[in-house]
Amino acid sequence: DQSDQYGAGCIARRDVRLGEEFVDVYARYKPGHPLYEEENNARGTYLKTKEGYFDLVPSATEWINEPLLEHQQANIKFQTKYQQDGQKPVLVWKVIRPIRAGQEVLAEYGGI
């Protein structure tokens with residue numbers, strides 16, 4: 001059961017344990033507000049933070065759907081972390097529910 005009727009989404013290729021973290025190296029952090037701020041951001045082209053936003057096109061995060069079907073729940077949450085030099089924020093996927101191989105990766109797209 002994928003949440004997107006056309007088959008777009010992010011599917012786990014292996015079992016993923018609770019607490020694992022992944023950095024989306026292609027999500028680019030930008031200060032301020034998106035230039036093309038959409039009313040509902042249905043396409044998932046950006047993810048707002050307290051001080052800016054991550055531009056998600058192109059990035060793996062762009063393909064993560066929200067849980068749309070009744071039985072679905074988010075299994076990751078988005079977090080902002082800083083690289084070792086403390087300068088550049090990066091977008092992290094934190095696993096909040098174990099994900100089986102073949103299962104869709106899902107997240108709530110509220111601000112982070």
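Between GLN72 and any residue 5 or more places off or on another chain, the built amide H atoms are never under 5 Å apart.
Computed with every protein chain present, the accessible area of TYR46 is close to 10 Å² [probe 1.4 Å]. Each distinct pair of alpha carbons in the chain adds a 1/r term; the inverse of their mean, the Kirkwood radius, is 14.5 Å. Straight-line cross-link reach from LYS50 at under 17 Å between alpha-carbon atoms covers these lysines, not counting any fewer than eight positions away in the same chain: LYS30, LYS77, LYS81, LYS88.
Scan the chain and report its longest stretch carrying no trypsin sites (Lys or Arg not before Pro) that are both in a DSSP loop and have at most 12 other Cβ atoms within 10 Å. Longest site-free region, per DSSP loop and neighbour criteria: 51-99. Shown in residue order for the range 10-21 are the 3J(HN,Hα) couplings computed by the Karplus curve 6.51 cos²θ - 1.76 cosθ + 1.60 at θ = phi - 60°: 10, 10, 5, 8, 9, 5, 10, 7, 3, x, 4, 10 Hz (x for Gly and Pro).
Each of GLN72, ILE96, SER59 was scored by the projection of its Cα onto the charge dipole of the range 52-96, and the greatest displacement toward the positive side belongs to ILE96; charges sit on the C-beta of Lys, Arg, Asp and Glu.
The values are calculated or read from the model by the stated rules, or taken from the named source; none is laboratory data. What you are looking at is a predicted structure, and each value in this text was computed from that prediction instead of being measured. No Cβ is skipped: glycine too gets one built from the backbone with ideal geometry, and neighbour counts run over all protein chains shown. The accessibility values were calculated without ligands, DNA or RNA, using every heavy atom of the protein model including side chains. Shrake-Rupley method; radii C 1.70, N 1.55, O 1.52, S 1.80 Å.
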